Amino acid sequence: MKVVFLEDVEGVAQGGDIKEVKNGFARNYLIPKALAVPATHDALQRIEKLADNAEKTRLKTLKDMTALGEELSGVRIDVEMRAGTGGRLYGSVTNAIIAAKLAELTGRQIDRRTVTVPDSVRELGVYTANVKLHAEVETEIDILVHPLGTDAEGYLAEMEGRAKDGAEAAGGIDDVTAASAEAEEAEALEASEESSEDEPEATEASIGAEEEPAEAEPEDEPPVAEETVANEAAAEGPEADAEEKSSAELADESEEVEADKATAEEPEAEQEKS
């Protein structure tokens, strides 16, 4: 079905546009809500006027939504929910719940489809939701989900106190860690300085050692081979034995001469006696 749009329909058309749409969409949504009319001869004759009216409506809507966005920016919506001891909700916080709360707060109808709630809203706590009031206007609001039968402000103060205690505990741990790191760094620096002080002494000693001339070591005589010594001993052996033998023979001969001489003298001595 061809229709003439009387107002802007986000994602579909702007006021004054002529478009072909599905019959069910036109008859069940656009025409009943006075967003569009069938593209009849009369409607086509009024296109210029319809477009002008749509432009005026568009500007007014944008102005109103901008003002509403500024009003809602940073607003906190308190939602009371049943929860278990661990803070787990019996149910979930939906965009319909938030839209109803916003309608109560502003006195204006808020389409639930304009509200985007995080999927993680399954526990007690504080969350952020996005509200898209217009194609050009978006804002964020805070959601405080507190237990059924409790005061929202009191529960929020309790949450902030727990968060503060946790931050202080974490800060204490961080301080200890930082102090330990500083101590280790100081020890490393001190060790490095001591090492630097020892290095010049070692350098001076090495320089002194380099300056003193090294004493010349006496040259070692080449070792005599054991085999050579043995051979010389073997060669000298027979000669030495011969010399020793000659001396012994001479001594024996001398003894024999003396003995013979003594034997010869004995008769003479006996004759003289007689």
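Is the range 11-20 home to any residue that is loosely packed, with under 12 Cβ neighbours inside 10 Å, at pLDDT 85 or above and out of contact with any Lys or Arg (no Cβ under 6 Å at 6 or more places or on another chain)?
Scanning the range 11-20, I find no residue that is loosely packed, with under 12 Cβ neighbours inside 10 Å, at pLDDT 85 or above and out of contact with any Lys or Arg (no Cβ under 6 Å at 6 or more places or on another chain), so the answer is no.
Please tell me if GLY91 is outside the structural domain of ALA43 (by TED's automatic domain parsing), part of a loop (DSSP other than H, G, I, E, B) and on the phi > 0 side of the Ramachandran plot.
When the stated conditions are applied, GLY91 passes them.
Quick test for you: out of ALA179, ALA157, pick the one residue that is at pLDDT below 85, of a type outside the set (Phe, Trp, Tyr) and either exposed (fewer than 10 other Cβ atoms within 10 Å of the Cβ) or part of a helix (DSSP H, G or I) (or both).
ALA179
Considering only the range 106-118, state which residues are over 43 Å from the mean Cα position of the chain (by Cα) and not in a loop (DSSP other than H, G, I, E, B).
THR106
Among the candidates ALA34, ALA103, ALA43, ALA99, which residue alone is small (Gly, Ala, Ser), in a helix (DSSP H, G or I) and not assigned by TED's automatic domain parsing to the domain that holds LYS132?
Result: ALA43 is the single residue among ALA34, ALA103, ALA43, ALA99 that is small (Gly, Ala, Ser), in a helix (DSSP H, G or I) and not assigned by TED's automatic domain parsing to the domain that holds LYS132.
The values are calculated or read from the model by the stated rules, or taken from the named source; none is laboratory data. The structure displayed is predicted, hence computed values, not measured ones. Positions of Cβ are backbone-derived with ideal geometry, glycine not excepted, and every protein chain shown enters the neighbour counts.
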